[in-house]
Every structure is written in C-alpha cells, then in structure tokens.
Amino acid sequence: MYTCKARFFDTQIHAPWASGPYGPEEMAKLDRLFSVAGSLEGMTIVEPGCGTGRLTEILAQRVGPLGRVIAMDISGTMVDAARERVAAYAQVTLHHGTLEAYPLPPGQVDLVLCHQVFPHLEAKERALRLLAKSLKEQGRLIISHFIPLHVINDVHRKAGRAVEADKMPSDREMRRLFMDAGLSIDFMSDNDERGYFLCGRLGATETTMQESDGVGKGEDVFEKKSAGGRL
C-alpha cells in the first residue's frame, strides 16, 4: 500500500525539510506545540512518520529517561538516519513500517503527535481509530504542520505522483473523522502565520467554537476554547 510512497521518501532523505536543523520560525511553531502539550516528562508518546528523527530527538529529551517515544516511518532510509540520531536515547523505540502494522499498546499512550505526516496516511479513518485505541482516557492527539492546509495540499499536488493525492482533509471532514474515532477536538487553527494545528483528545470535552483568522480555502476554519480559556 505504501511501497511507492516509501521509495519517494527514501529519495528525500537529504532534503532540508527532512534532515536539516529546524530554523527559528519552525522552532517558534514547535514551541507553540509544546506550550499546548505541557510537560511531557515521563509520558508515552507515539510519533507516526518520524522521518530522520529531528522531532524524535526533541521528544526523547522532553519525556526523559522515565518516558517512552514510539516512532515509526515507512522509509527505511529515514529510519536508519533516525536510529543514528537517537542512538543515545534508550527511551526511543523505532520501527520501520506502517502505523497500521505496528502493535500499539492499547490504552497506554499519553500523546500521539502527527507532525507533518497526516495527509500521507492511506486510510485516515482506520489510522485515527488505531491511534485512539492506544490513548489513555483523555489522552491527546495533535496534528501539526508548519504550513497551512491549502499550501500543504498544493505542495503535495506538485511534488509528484507518489504523494500528489495526499491531502489534508477539510476542517469539516476532520471533525467527522475525529468523532467517528471517539475523539473530540479541543483546538483547531489554520493560517499562514502559524500553519496548521489541531489538538484533540479521547473522550468528550466541553468546548465553545469560535471563528478564527484562518485562511483555509473554501472551508470554515475554527478555533475551539475550553471552559478555562484557549489551549
């Protein structure tokens, strides 16, 4: 199912987006992600699409020796690079293969972090259900990209046959996918300045929906607030 796509990503290992250091703007967006996630010390985190381990290394540092990071990627070349990058971190488990084939521990995961990977999942509904099943009660699932939805889809459309159909769903479709998987959405935003960001969790939460300054093309874009304020 992922063979053609895996070969494509094998060829991208030396691309700046795959192996280069995060720039200041990217680090600022990651800081925002971590401000929402809060302390990760001692947590179990799943990272689908880990690539060369750029974010995996940061996650390993943040969970510490008592935490665990389960990271996977369909590209064997990128997983090899990730193994080298995180060799010093015993708390990291790396897997070359698909999310769908990995035996995630049911009800044991604190956070799933899909960073720059969600559009590439072949069966998004099934993937979300598998990830939701792995979460603890009120465990969180974050989907993030450095760029907004309309740019994500345009970049993939132009990148070649292997990924041209890999699109980020509209906010309306994403809400449906989350609901069907038993997940609720705490916060969703999509704009040119901050990119795409969605934070959800297993189980229902009380939220109010407010229109954002998003720039999604042809779709309503919302940010949600919890009763205690914006996440």
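The values are calculated or read from the model by the stated rules, or taken from the named source; none is laboratory data. In this text the structure is predicted, and so the values were computed from the model without any measurement. With ideal geometry, Cβ positions are generated from the backbone for all residues, glycine too; neighbour counts draw on all protein chains shown.
Kindly indicate whether Arg161 is at pLDDT below 95 and either under 25 Å from Ala6 (Cα atoms) or in contact with a helix residue (DSSP H, G or I) (Cβ under 8 Å, 6 or more places away or on another chain) (or both). The answer is yes for Arg161. Reported count of residues in the stretch 131-145, each being among the basic types (Lys, Arg), touching a residue at least 60 places away in the same chain (Cβ under 8 Å) and surrounded by fewer than 20 Cβ atoms within 10 Å (Cβ to Cβ), is 1. Residue by residue through the stretch 195-215, note down the ones that are more than 18 Å from Val109 (Cβ to Cβ) and either crowded, with 20+ Cβ neighbours inside 10 Å or at pLDDT 95 or above (or both). Selection gives Gly195, Tyr196, Phe197, Gly214. Out of Leu135, Leu94, Leu113, Leu66, one residue alone is out of contact with any strand residue (DSSP E or B) (no Cβ under 7 Å at 6 or more places or on another chain), aliphatic (A, V, I, L, M) and modelled with pLDDT of 95 or more. It is Leu66. Taking the numbered list (1) crowded, with 19+ Cβ neighbours inside 10 Å; (2) more than 16 Å from the chain's Cα centre (by Cα); (3) not acidic (Asp, Glu) in turn, Pro148 passes all entries but (2). Can you name the residue in the stretch 98-116 that is more than 16 Å from Leu59 (Cα to Cα), of a type outside the set (Ser, Thr, Tyr) and touching an Asp or Glu at 6+ places or on another chain (Cβ under 9 Å) and is also surrounded by the fewest Cβ atoms within 10 Å (Cβ to Cβ) among such residues? Only one residue fits best here, namely Gly107.
The condition of being touching a residue at least 24 places away in the same chain (Cβ under 8 Å) and crowded, with 22+ Cβ neighbours inside 10 Å holds for only one of Leu177, Leu128, that being Leu128. The residues listed here are Arg32, Arg129; of these, the one that is basic (Lys, Arg), modelled with pLDDT under 95 and farther than 23 Å from His156 by Cα is Arg32. Going residue by residue through the stretch 172-193, is there one that turns out to be under 22 Å from Ile74 (Cα atoms), among the hydrophobic types (A, V, I, L, M, F, W, C) and in contact with a helix residue (DSSP H, G or I) (Cβ under 7 Å, 6 or more places away or on another chain)? No: the stretch 172-193 contains no residue that is under 22 Å from Ile74 (Cα atoms), among the hydrophobic types (A, V, I, L, M, F, W, C) and in contact with a helix residue (DSSP H, G or I) (Cβ under 7 Å, 6 or more places away or on another chain). For the stretch 147-156, the condition holds for no residue, the condition being that it is in contact (Cβ under 8 Å) with a residue 60 or more places away in the chain and in contact with a Leu (Cβ under 8 Å, 6 or more places away or on another chain). Filter the stretch 78-97 for residues that are surrounded by 20 or more Cβ atoms within 10 Å (Cβ to Cβ) and β-branched (Val, Ile, Thr) and give the result. Passing the criteria: Val79, Val86, Val92. Contact annotation: residue pairs with Cβ atoms under 8 Å, 6 or more positions apart or on different chains, pairing a residue in the stretch 74-86 that is within 11 Å of Thr56 (Cα to Cα) with a partner that is part of a helix (DSSP H, G or I) and among the hydrophobic types (A, V, I, L, M, F, W, C), are Val86/Ala60. Number of residues in the stretch 45-67 that are buried (at least 22 other Cβ atoms within 10 Å of the Cβ) and within 17 Å of Leu135 (Cα to Cα): the value is 5.
Helices (runs of 4 or more DSSP H) fully within the stretch 20-131 that include at least 1 residues being under 15 Å from the mean Cα position of the chain (by Cα) and under 19 Å from Ser184 (Cα atoms): 24-37.
Within the span defined as the stretch 155-171, every residue fails to be under 19 Å from Gln138 (Cα atoms) and either of a type in the set (A, V, I, L, M, F, W, C) or not in a helix (DSSP H, G or I) (or both).
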